[in-house]
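Just so you know, all these numbers are worked out from the coordinates, no wet-lab data involved. The structure displayed is predicted, hence computed values, not measured ones. All Cβ positions, even for glycine, are placed from backbone atoms using ideal geometry, and neighbour counts span all protein chains on display.
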Ligand SMILES: [Fe+2]
């Protein structure tokens, strides 16, 4: 099994254990949605689409696993490192890149490296793509506006 599929298998089994059906649905929709969006952005930006897909799958994992969203970026990063160590095919550098992006993804106002910024953008775009008529989440407004300006074909009339 390839490494992305193995990561998805692990994430799927964690999400299946989420007790609340609506939280479980949100977990699948959001983690897969960010993973796919990150893949597309990575291709556009000359970054590794496979690593982007993995980062998307793991970025909010502890929020769903524990039901507690507090400090979930750094906590999901630590959890991601633990999980990725047991999956064949990732180098130390690749695990570092994924974990750094996951750790920083909640800092939407801050600016980090290209891979960290890609995950933040994928997170914001997934919320938009899920339902374009919902207001952006708090803290996502500026980034969402910048992304939609850069992707005019994705914008829809109000
Ligand atoms: Fe997210």
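Give the shape of region 3-154 as rounded, prolate or oblate, defined through the alpha-carbon gyration tensor: a ≥ b ≥ c are the square roots of its eigenvalues, a/c under 1.5 means rounded, and otherwise the shape is prolate if a/b is larger than b/c and oblate if not.
Oblate shape, in that a/c is at least 1.5 and b/c is the bigger or equal ratio.
Please order 81, 133, 75 by the number of other Cβ within 10 Å, starting at the fewest.
133, 81, 75
Report, in deg cm²/dmol and to the nearest 500, the calculated mean residue ellipticity at 222 nm for the chain, where each DSSP H run with n ≥ 4 adds -39500 (n - 2.57) and the sum is divided by the residue count.
That comes out to -22000 deg cm²/dmol.
If R0 is 25 Å, what FRET efficiency do you get for residue 66 and residue 45 from their C-beta distance, rounded to 0.05?
Efficiency for this residue pair is about 0.20.
Arrange 1, 57 by Cβ neighbour counts within 10 Å, fewest through most, would you?
With the sparsest Cβ surroundings first, the list reads 1, 57.
Taking only C-alpha pairs under 8 Å that are 6+ residues apart, what is the relative contact order of region 1-104 in percent?
27 percent
Helix 21-45: angle to the longest alpha-carbon principal axis of the chain, degrees 0 to 90, nearest 10?
70 degrees
What shape does region 1-66 have by the C-alpha gyration tensor, where a ≥ b ≥ c are the square roots of the eigenvalues, rounded means a/c under 1.5, and otherwise prolate means a/b greater than b/c and oblate the rest?
Numbers: a/c = 2.84, a/b = 1.82, b/c = 1.56.
In terms of gyration-tensor shape, prolate.
How much length is gained on full extension from residue 14 to residue 131, taking 0.36 nm per residue of separation minus their Cα-Cα distance?
Roughly 39.6 nm would be gained on extension.
Would you kindly state how much longer the chain becomes between residue 151 and residue 5 on full extension, computed as 0.36 nm times their sequence separation minus their alpha carbon distance, in nm to one decimal? Before the final figure, lay out the partial values.
Details: separation 146, 0.36 × 146 = 52.56 nm, distance 2.91 nm.
Length gained, residue 151 through residue 5: 49.6 nm.
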